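Please treat every number below as a calculation from the coordinates, not as lab data. Fair warning: this is a prediction, and the values are worked out from it, not measured in the lab. Because the Cβ atoms are built from the backbone with ideal geometry, glycine has one as well, and the counts that use them run over all protein chains shown.
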Amino acid sequence: MVLSFWAKAARTSPRGVGGLFRATRCAQIPRYVSLAATSRISSVRAYSSAVAVEEKEEASSEVPESQATETEKPPADSLPFSSLRDVVSHETLSAITVRPMKLKDMTAVQAAVLPLMPQLTEPYSPVTADGSQSLPRDLLVKARTGTGKTLAFLVPVIEARIKAIKAHGKKAVLDAGLVSDKHLEARASRIYAKTEVGALIISPTRELATQIANDAIRLTHHHDGFEVRLFVGGSSKGKQVRDWVKGRRDIVVATPGRLRDLLQSEPEIKAGIATTKTLILDEADTLLEMGFRDDIDDIKSYLPPTPERQTFLFSATVSRAIQQVARATLEKNHMFINCVSDDAPPTHAHIPQYHTVLPNAGSQLPYILNLLIHDQLINPGHSKIIVFLPTTKMTQLFSTLLTQLKSALPAGGATKIYEMHSNKAQHQRDATSERFRNDKSGASVLVSSDVSARGVDYPGVTRVIQIGIPASADQYVHRVGRTGRGGVKGGRADLVLLPWEIGFVTWQLTDMPLKPLTVKELSAQVNELVEKLDSSPDEFFKGTQFPDRYDKLGRQRHVVQPYATPYKPVLDAAPDTVKKLLDRVDEDAVKETFASALGFYFGRSPELRVQRSVILQGLRDWTTEAMGLPEPPYVSNQYLQRLGLDDGRTKRFGSPRRDEPRKGNQTSAPWMGRGNTRLRMERERMGDQPRGETEYTPDPRDPSTPPDMYRRPKHISEEQHFNRFEGGESHGRPDRSDRSNSFDRSDRFDRSDRPDRSDRFNRSDRPDRSDRFNRSDRSGGDGSFGYRKRPGAFEHKVTTGTYGVRSGGDSRGRGRQEDDY
């Protein structure tokens, strides 16, 4: 039905198929998709490649090109994947509809892209066989996150790769003057697969890149020998290069930072990438928001030019910056497919969102516990929660606290707690992400920092809880987007704030559909649900299917009612459970968390519309009221200044104007004693210290982590920023193409106004350069010119174990194991 529709439209269109698809709208296509349970497939050897391991299965904006035109809309009924059997190989279609993906119907973006495949999978040729101009092969697709974009671009890439390998093998036989030679054809195909790159997919984050690589593995489940290379930061470069040399290069998934590094340092990878047939920019708008414009331009210089190189560009928006990238990357004769209607609501609009301003810090932990209880009661058998926290230290602390409080939840010890943050090694994060994604326990909680906030798809998330403010309003939206993916109903988002954090809601989240929820209202809802559970458990769990569980010997046992009843006594004892836990909280862990929170919140006082002194007092109250410390942790004034307590003002703020004359004398040149010259003279007088700061002398009573590790960098508006030492990716860097052009060189003052060079000091009066210090005389180890080197992330002490709770010993912690930070 689909193919006949497009064939008929192509015959009746005066512009042919190429004109028909210049601009296609898919917003009217139903978004229904049957998401059956998928096989548990993970990425092994994720440092350099993605290899599938199958386990046991469990029960309208502007268009960049003016030539783009609107066309007829596709049929309104749902499009099944089975309609593609004439244009998709049997192996790929089996992976989609049978095993391992088990999908039935296409989403809107898939229904708009996949029927184009006979055209998209053809190799480049300036003219067709009949002498006419070739049809467009490049795509600009506007589609939101969570709508099935990954499958929409992976299927054409896989089919094009298979077709290219077969064509090369047959060509080798013909070039040898033979009619048929299976051995020669197989050998030529094997060499081609190991030397030529089929597709290069660039993703903004390592988590999303890993997810794309795993989806590619699922789709190629029935294709023999198909391999996927994965280049992401935080992994061994040497292993990535070795696997690149030894293996096939069918699909390469990479983050911009690591790929650019490999291209500049590894000739083997540079030579291989130069043969890329297809380039795909996924989440292009996010790539630009994170400051990867220069990286993309540099990577593009290593690739074949258009139109030899096919390019797909997928983005949730088509802003001016995206249009610039499209013009520079896509062929002029490309297709624009719009899958977002002009009046479509935001992706998070259908998700119920609540915010709670706690009456005091002491209510924080009991309220969070009530949120977990509430979700397990309204979603029995399929509760899946993500808890976001602003800093890594706070993530570690709350992960430990919630693990200790599992006994107070309706599911009790059956609740699984997962922990995700940047202090974990990349392979640990990958494993945690995969376990939580495939979790079928019916009661799971992922405690995470913002490493899980963007792009990663966790199916079945029932609630997102944000403790404290996010880094920005955009980050709030990204976090909320972890639930209700693809328009699926049933998710919920909760924002839990301390009293002094309310300014973020009133000033930064004014456009969000947030509803207020008080502590008493939630408590009343929980008590009502508990009363229903205890009064009639069978009626409460009617129609609920709980997953099968296994005992310690591996024997399967079906659990009809996993929640112990009556639950009311457990709920009433929850405050005492929390109090006993706080008596065991390690003071050092709270002190480190306190310092990290100061660094996070000090940099966001403008967004909160509060003074830093208010933030300081609020966090001190949090340590005593919420964490149970007898008194706030000691932090020296010098440590606080290094964290940014001084509002960034110089030491001369508020002092009277200086009466001393300008440096220099009446006979000196006009530029002496001002600008950079004056600043350099002042630094020399102050011992090379930046203005307004003094050398930090550690106080033994201060937190053990240096304040510079927690301090928010200047001129960075987002929480995460580029850090090459972590091997991570760029976050929060503004798009360089959007910088102001007001300071163009042509706008400078006329150089004729400058004093004549003859008036300047004679260069012969300068001291001889040979008398200066030789570079070899510099002291090593602390960086050049005496500045203290800012400690890198690799200097962190990263160990494993429980963070924040004493494992034994007396009340002062004597006799316990050392906690890691």
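List the relative contact order of the range 353-539 as a percent without decimals, with contacts defined as Cα pairs under 8 Å and 6+ residues apart. Before the final figure, lay out each step's value.
Working: 295 pairs, mean separation 62.8, N = 187.
Answer for the range 353-539 is 34 percent.
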Gain in span if fully extended, K579 to H427, counting 0.36 nm per residue against the direct Cα distance: 51.2 nm
Report, by chain and number, residues whose modeled amide H sits under 5 Å from the one on D494, excluding near sequence neighbours (fewer than 5 apart, same chain). Y354, V464, I465, Q466
Read phi for every residue in the range 614-626 and hand back ³J(HN,Hα) as whole Hz from Karplus 6.51 cos²θ - 1.76 cosθ + 1.60, θ = phi - 60°, with x for Gly and Pro. 5, 4, 4, 5, x, 6, 5, 4, 5, 5, 8, 7, 8
Grab the Cα-Cα distance for H223 and E521, subtract it from 0.36 nm times how many residues apart they are, and report the gain in nm with one decimal. 101.8 nm
Dipole in debye (nearest 20) - the range 353-539, about Cα centre, beta carbon charges: Lys, Arg +1; Asp, Glu -1: 460 debye
If you line up the Cα atoms of the range 371-505 on their principal axes, what length do they span on each, largest first, in Å? 37, 33, 32
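Highest mean first, what order results for 539-547, 622-630, 301-309, 192-200 on Cβ atoms within 10 Å?
Working: 539-547: 13.3, 622-630: 18.8, 301-309: 16.0, 192-200: 21.0.
Packing order, densest peptide first, comes out as 192-200, 622-630, 301-309, 539-547.
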Cα-only Debye scattering, the range 253-337: base-10 log of I(q)/I(0) at q = 0.15, 0.22, 0.25 Å⁻¹: -0.53, -1.13, -1.40
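Which of the pairs K239/K270; K149/K300; K406/K542 have their Cα atoms more than 18 Å apart in this structure? Working shown, then result.
Details: K239/K270 16 Å; K149/K300 22 Å; K406/K542 24 Å.
Distance filter (> 18 Å) returns K149/K300; K406/K542.
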Amide H contacts under 5 Å for L139, restricted to residues at least 5 apart in sequence or on another chain and with H modeled in the peptide plane, are T311, F312, L313, M335
Beyond 22 Å (Cα-Cα) in this structure, taken from K532/K579; K166/K194; K142/K515; K102/K142, we find K532/K579; K142/K515; K102/K142
Counting sequence-distant residues (5 or more places) and residues on other chains, those with an amide H built under 5 Å from that of T544 are none
